[in-house]
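A short worksheet on the structure shown next.
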Amino acid sequence: MGTETGSPAWLKQAIFYQIYPQSYYDSNGDGIGDIPGIIQKLDYLQWLGISAVWINPCFVSHFRDAGYDVDDYYRVAPRYGTNRDLYRLCREAHRRGIRVCLDLVAGHTSIDHPWFKASCRSRRNRYSDRYIWTSSIFSEAKSTLSLVRGYSERDGSYVANCFYFQPALNFGFARPDLPWQQPVNAPGPLETRRELIKIMDYWLGHGVDGFRVDMAFSLVKMDPGHQETIKLWQVIGEKIRARYPDIALISEWGNPEESLAAGFDIDFVLHIGLGGYTDLFLNENSFFLRHDGGKIQGFVQSYLEQIAKVKGKGLISVPSGNHDIKRLRTDGRTASDLKVIFTFLLTWPGVPFIYYGDEIGMLYITGLASKEGGYDRTGSRTPMQWDSGPNAGFSTADKDRFYLPLDPRRNRPNVEEQASDSGSLLNHLRDLITLRRHYPALQADGTLTPLPVETSQRHFAYLRQANDERFLVVLNPSAEPSSTKIKGIKPGNLSPRICRGVQACVEGDDIQVKLAGVSYGIFKL
Ligand code: GLC
Ligand code: CA
């Protein structure tokens, strides 16, 4: 059963939550979060109203890039538990109405993967063509690809996808023009494709509900417009969905027109690809700033263009953050600012993705030494803060064994305190989730109609609608109060649902709105 978008129906009202497993909850006191730890926190996620989780890679790895360097796709990393723990996580999550999506690193493995070790041998073997190798380390032509020379006894350079230790799997070249560049239907690329399908099948067969695919755009090389990569994912998606029609396929791509044509259900507004995320939240003149912020209209324009292009094919999500981006809560941003941002995120089309810890306003920690290839991403990956105890309830280990240090501030936010405070960010988010899950107009494919705003103003107002259900959302991230008359929307009535600092009253066909500084309002019309 699909929606108008062709995606599984459950996505329409889904609320996703991203878990960075090493930092979530440590169940056995070794200082590293693990899968049994996630299972222990499922009640919390259910309480919050989460309907699906995406877990960052949890497979055997040397963790040079936090697990995005996979050594074995079929085995859970011992530091996180066992395969059985993961199967149990799926069962326990399902009992609570929560689906489980894994992170599929489709484009590359680690240099320690047995396939790559075999591929490095000079003698031809089954894995020689599993990766992309030039024919000799000396004679390679200039290439836009990133080539690593001198690593192996095999005479050739390999193509790396991201870091040097992430050799690109061989899915072929769109337009091969040198002998070492194989076409997409050569035996090597076809074998890689079969293996990828096998991996997906394996986990789906054990209860997993879908995948977030890492660098999904990267598979076929030198592929203008990603045409061949799109075709490749179409084939994979068809095969997989024939057996598992209800799964979610989510891409890290950053170009919905391409990724949704490729058969993904959801793509993101990110810091990469077409971008948009950084402009919205993290730049000097982002809209969501208390002081000296800019306009949102540029973002809205581009979002509307993109949803028009992908109509009927899938959804575009604006995440609260992820493990690659600075957290929303940088110094200077307060819980009140975040309440405005979450009001936006939870009333926006697409599927909301909440990055662990953002729901309590965890801080981006500056000045940390890079951990597992994190570099400046490390500050967004610190342990989850569960309570006000000395270890924040993350682990019973000595602090020096923690995966990463905790936010050092004495008043760091935590779940326990915020859960019992009805005015907290956490409860605001929970209220928003409850509202969204109740009303189709606020969900993934309810219509979005931005309302005109005078150029001198910094608030933002829009309608969401499904059938005759209509909501008005108004946001003012700025410290300056503001007011506006919203014309001609003929409200039958105006019932405030989640509001702070916004007064609105009906005047004939119009609505007169007064917004305090840093305010938000959701009204049912
Ligand atoms: C994706 C991941 C990122 C990783 C990279 C290489 O962008 O989100 O964390 O470093 O791919 O796999
Ligand atoms: Ca542990």
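Of the conditions (1) in contact with a Phe, Trp or Tyr (Cβ under 7 Å, 6 or more places away or on another chain); (2) part of a strand (DSSP E or B), Val453 satisfies every one except a single condition; which number is it?
(2)
Being polar (S, T, N, Q), open to solvent by 20 Å² or more (accessible area, probe 1.4 Å), at pLDDT 95 or above and more than 24 Å from Phe342 (Cα to Cα) narrows it down to one residue among Thr396, Thr366; which is it? Walk me through it before giving the result.
Working: Thr366 fails: more than 24 Å from Phe342 (Cα to Cα).
It is Thr396.
Please pick out the residue among Tyr80, Tyr68, Tyr73 that is in contact with an Asp or Glu (Cβ under 7 Å, 6 or more places away or on another chain) and closer than 19 Å to Ala216 by Cβ. Can you show your working first?
Details: Tyr80 fails: closer than 19 Å to Ala216 by Cβ; Tyr73 fails: in contact with an Asp or Glu (Cβ under 7 Å, 6 or more places away or on another chain).
Tyr68 is the lone residue from the list that is in contact with an Asp or Glu (Cβ under 7 Å, 6 or more places away or on another chain) and closer than 19 Å to Ala216 by Cβ.
Starting from region 438-461, keep only residues that are on the phi < 0 side of the Ramachandran plot and in contact (Cβ under 8 Å) with a residue 40 or more places away in the chain, then list their pairs with residues that are in a loop (DSSP other than H, G, I, E, B) and open to solvent by 40 Å² or more (accessible area, probe 1.4 Å) whose Cβ atoms are within a distance under 8 Å, requiring at least 6 positions of separation or different chains.
Pairs found: Pro440/Asn467; Asp445/Glu4; Arg458/Lys295; Arg458/Glu480.
Just a yes or no: is a residue in region 117-136 in a loop (DSSP other than H, G, I, E, B), touching a Leu at 6+ places or on another chain (Cβ under 7 Å) and surrounded by fewer than 18 Cβ atoms within 10 Å (Cβ to Cβ)? Spell out the reasoning first.
Of all residues in region 117-136, those in a loop (DSSP other than H, G, I, E, B) come to 120-130, 132, 134-136.
Checking which are touching a Leu at 6+ places or on another chain (Cβ under 7 Å) leaves us with 130, 134.
The next check asks that each one be surrounded by fewer than 18 Cβ atoms within 10 Å (Cβ to Cβ); those that pass are none.
Checked region 117-136: no residue is in a loop (DSSP other than H, G, I, E, B), touching a Leu at 6+ places or on another chain (Cβ under 7 Å) and surrounded by fewer than 18 Cβ atoms within 10 Å (Cβ to Cβ).
Conditions first: (1) open to solvent by 20 Å² or more (accessible area, probe 1.4 Å); (2) out of contact with any helix residue (DSSP H, G or I) (no Cβ under 7 Å at 6 or more places or on another chain). Ser157 passes all but one, so which condition is the exception?
Result: Ser157 fails condition (1) only.
Hey, among Gly6, Gly49, Gly97, which residue is at pLDDT 95 or above, under 26 Å from Ala441 (Cβ atoms), away from ligand 2 (no atom under 16 Å from the Cβ) and more than 19 Å from the chain's Cα centre (by Cα)?
Details: Gly6 fails: at pLDDT 95 or above; Gly49 fails: more than 19 Å from the chain's Cα centre (by Cα).
The match here is Gly97.
So is Arg381 within 16 Å of ligand 1 (Cβ to nearest atom) and either buried (at least 19 other Cβ atoms within 10 Å of the Cβ) or touching a residue at least 12 places away in the same chain (Cβ under 8 Å) (or both) or not?
Numbers: within 16 Å of ligand 1 (Cβ to nearest atom): yes; either buried (at least 19 other Cβ atoms within 10 Å of the Cβ) or touching a residue at least 12 places away in the same chain (Cβ under 8 Å) (or both): yes.
The answer is yes for Arg381.
Could you list all residues from region 50-61 that are open to solvent by 10 Å² or more (accessible area, probe 1.4 Å) and of a type in the set (A, V, I, L, M)?
Scanning region 50-61 gives a single hit, Val60.
Taking Arg64, is it touching a residue at least 24 places away in the same chain (Cβ under 8 Å), in contact with a Ser or Thr (Cβ under 8 Å, 6 or more places away or on another chain), buried (at least 21 other Cβ atoms within 10 Å of the Cβ) and of a type in the set (D, E, K, R)? So that I can check it myself, show each step before the final result.
On the way: touching a residue at least 24 places away in the same chain (Cβ under 8 Å): yes; in contact with a Ser or Thr (Cβ under 8 Å, 6 or more places away or on another chain): yes; buried (at least 21 other Cβ atoms within 10 Å of the Cβ): no; of a type in the set (D, E, K, R): yes.
So Arg64 fails the test.
The values are calculated or read from the model by the stated rules, or taken from the named source; none is laboratory data. Since this is a predicted model, take the numbers as computed values, not measurements. Positions of Cβ are backbone-derived with ideal geometry, glycine not excepted, and every protein chain shown enters the neighbour counts. Remember, those area values only see protein heavy atoms, side chains included, never the ligands or the DNA or RNA. Shrake-Rupley method; radii C 1.70, N 1.55, O 1.52, S 1.80 Å.
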